[in-house]
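In what follows, a single structure is set out as structure tokens and then discussed.
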Amino acid sequence: MPLLVRKLKSPLDIERDLGMIGGDIFHGALHLDQLASLRPIAGRADYRMPAKGLYLCGSGAHPGGGVSGIPGRNAAREILRDLRLRRV
């Protein structure tokens, strides 16, 4: 018979072990103020950050957390656009 193991982590455990404030694995809950063009904040939903060449591509970016890879794909698309624009 296989051995079953279960490990539960509370939000406090997640905060202490992984440094995720409030134990939020999605880098900010998807409340109304965090949807679509407001994630991570208004004016930064295009994956470009204030520092030139810095892009946000994790759970804190639109469309949010989970294991979809979509924020990374979208950020890569914007990086490629920026590189193409620089070559012209």
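Some points to look at:
- Positions within region 51-63 being of a type outside the set (A, V, I, L, M, F, W, C), out of contact with any Phe, Trp or Tyr (no Cβ under 6 Å at 6 or more places or on another chain) and closer than 16 Å to ILE25 by Cα, in sequence order: GLY58, GLY60, HIS62, PRO63
- Of residues in region 41-87 being among the β-branched types (Val, Ile, Thr) and within 11 Å of the chain's Cα centre (by Cα), the one surrounded by the fewest Cβ atoms within 10 Å (Cβ to Cβ): VAL67
- Residue pairs whose Cβ atoms lie under 7 Å apart, sitting 6 or more positions apart in sequence or on different chains, and linking a residue in region 51-70 that is in a loop (DSSP other than H, G, I, E, B) to a partner that is surrounded by 10 or more Cβ atoms within 10 Å (Cβ to Cβ) and among the hydroxyl-bearing types (Ser, Thr, Tyr), are LEU56/TYR47; CYS57/TYR47; ALA61/TYR47; GLY65/SER59.
- Qualifying residue in region 2-10 (condition: surrounded by fewer than 12 Cβ atoms within 10 Å (Cβ to Cβ) and either among the basic types (Lys, Arg) or at positive phi (or both)): yes
- Scanning region 13-40 for residues being loosely packed, with under 12 Cβ neighbours inside 10 Å and either at negative phi or touching an Asp or Glu at 6+ places or on another chain (Cβ under 9 Å) (or both) gives a total of 9.
Values in this text are rule-based calculations from the coordinates and carry no lab data. A quick note: this is a predicted structure, and the numbers were derived from the prediction, not measured. Quick reminder, even Gly has a Cβ in these numbers, built from the backbone with ideal geometry, and neighbours come from all protein chains shown.
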